[in-house]
Amino acid sequence: MKIAVIPNLNKRDAEAYTARIVSLLRQCGAEVLMHASLASDYGGTVACVSHEEMVARCDVVIAVGGDGTIIHTARHASRVDKPILGVNLGRLGFLAGVERDELHLLCRLFDGSYTVRRHMMLDVTVHGAAGEKTYCALNDAVVSGAQSKIFDFGLSVDGSETYRFRADGLILATPTGSTAYSLSAGGPVLDPQMDCILFTPICPHSLFNRSTVFSADKRLTVSADSEYSGAVFLTVDGDDPIRIARSDTISVRRSERATLLIKMDDRNFYDIVNRKILHSGG
């Protein structure tokens, strides 16, 4: 079995845990692939020049870090339908399949004693005078105005009449992303096995603006209000904000790509919500 290991070495104790993971995998007979910039630090691993090469050559990807590491890894793995096992070194690790004290469970990769769950993703396309550019999101796309400014925007569903909103911004999330920024903004928690698109306004300037759940087959289009004069930004899965022109529109729809996440135990989604959010104070 070929296993790609992608660690976030900015996490506390990440180097030590990565070394333990690599050692355990090699003891089990795996060929361990790592980025060329790291392979020399972990004996017996195979160096790859890029993450794209790693995921193309492997059978399974192990992401060592927090949810952000898993989301970053998903951008590469989802292109070639490779399953990801997240080892949580972060605080919540909502997407992880193994905690730092459960590394012994990695041996299950070799006998198939695990499940793989499919998580819907979104295609987020910016349409502008210079053409189109599409980003893929596992969690969410956030559209917002300049800092500390209320944003006037329109939302259209499948080309229908545009609905006008005033808020600090808006979040378009997958069910997986419902437990991220959308939850902090007052949105509902959705089972990640659902297929739908969640719309949540951020601090809406209204008593009645609430989250809305749309069918996954809908195409949602966001535009800045014609009278809005400030800057507009798009943030996809927490990456650096992308400034877009006020005349641009942003369309969001279900992607053909999906993220495959490995789970090593029989804890269901509601057990995880209870343990990692309700009881953690997160």
Of everything in the stretch 1-51, what is among the basic types (K, R) and part of a loop (DSSP other than H, G, I, E, B)? Give them in sequence order. K11, R12
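For M34, are the conditions met, namely being at pLDDT 95 or above, touching a Ser or Thr at 6+ places or on another chain (Cβ under 7 Å), within 30 Å of R246 (Cβ to Cβ) and open to solvent by less than 10 Å² (accessible area, probe 1.4 Å)? Write out each step before concluding.
Numbers: at pLDDT 95 or above: yes; touching a Ser or Thr at 6+ places or on another chain (Cβ under 7 Å): yes; within 30 Å of R246 (Cβ to Cβ): no; open to solvent by less than 10 Å² (accessible area, probe 1.4 Å): yes.
So M34 does not fit the description; no.
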With (1) modelled with pLDDT of 95 or more; (2) among the aliphatic types (A, V, I, L, M); (3) more than 17 Å from V252 (Cα to Cα) as the list, and L220 as the residue in question, which single condition is left unmet? (3)
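Restricting attention to the stretch 143-155, does a residue exist that is under 22 Å from the mean Cα position of the chain (by Cα) and within 20 Å of A231 (Cα to Cα)? Break it down stepwise before answering.
From the stretch 143-155, those under 22 Å from the mean Cα position of the chain (by Cα) are 143-144; that's our starting set.
Next cut, within 20 Å of A231 (Cα to Cα) only: 143-144.
Scanning the stretch 143-155, I find at least one residue that is under 22 Å from the mean Cα position of the chain (by Cα) and within 20 Å of A231 (Cα to Cα), so the answer is yes.
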I'd like the full set of residues that are buried (at least 18 other Cβ atoms within 10 Å of the Cβ), more than 22 Å from T134 (Cα to Cα), without any contact (Cβ under 8 Å) to a residue 60 or more places away in the chain and in contact with a helix residue (DSSP H, G or I) (Cβ under 8 Å, 6 or more places away or on another chain), limited to the stretch 39-94. Y42, T45, C48, M54, V61, I62, A63, V64, G65, N88
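Results for (1) buried (at least 21 other Cβ atoms within 10 Å of the Cβ); (2) in a helix (DSSP H, G or I); (3) of a type outside the set (V, I, T), shown as yes or no for each residue.
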residue	(1), (2), (3)
C107	no, yes, yes
Y135	no, no, yes
S178	yes, yes, yes
G186	no, no, yes
V189	no, no, no
Can you tell me how many residues in the stretch 217-268 are outside any strand (DSSP E or B), under 30 Å from S113 (Cα atoms) and open to solvent by 20 Å² or more (accessible area, probe 1.4 Å)? 4
Which listed residue is over 30 Å from A14 (Cα atoms), outside any helix (DSSP H, G or I) and among the small types (G, A, S), from G93, G86, G159, G112: G159
Filtered residues of the stretch 162-176 (kept if within 17 Å of Y135 (Cβ to Cβ) and outside any strand (DSSP E or B)): T174, T176
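The values are calculated or read from the model by the stated rules, or taken from the named source; none is laboratory data. Because the structure is a prediction, the values reported are computed rather than measured. Here the Cβ is made from the backbone with ideal geometry for all residues, glycine too, and neighbour counts use every protein chain on show. Remember, those area values only see protein heavy atoms, side chains included, never the ligands or the DNA or RNA. Shrake-Rupley method; radii C 1.70, N 1.55, O 1.52, S 1.80 Å.
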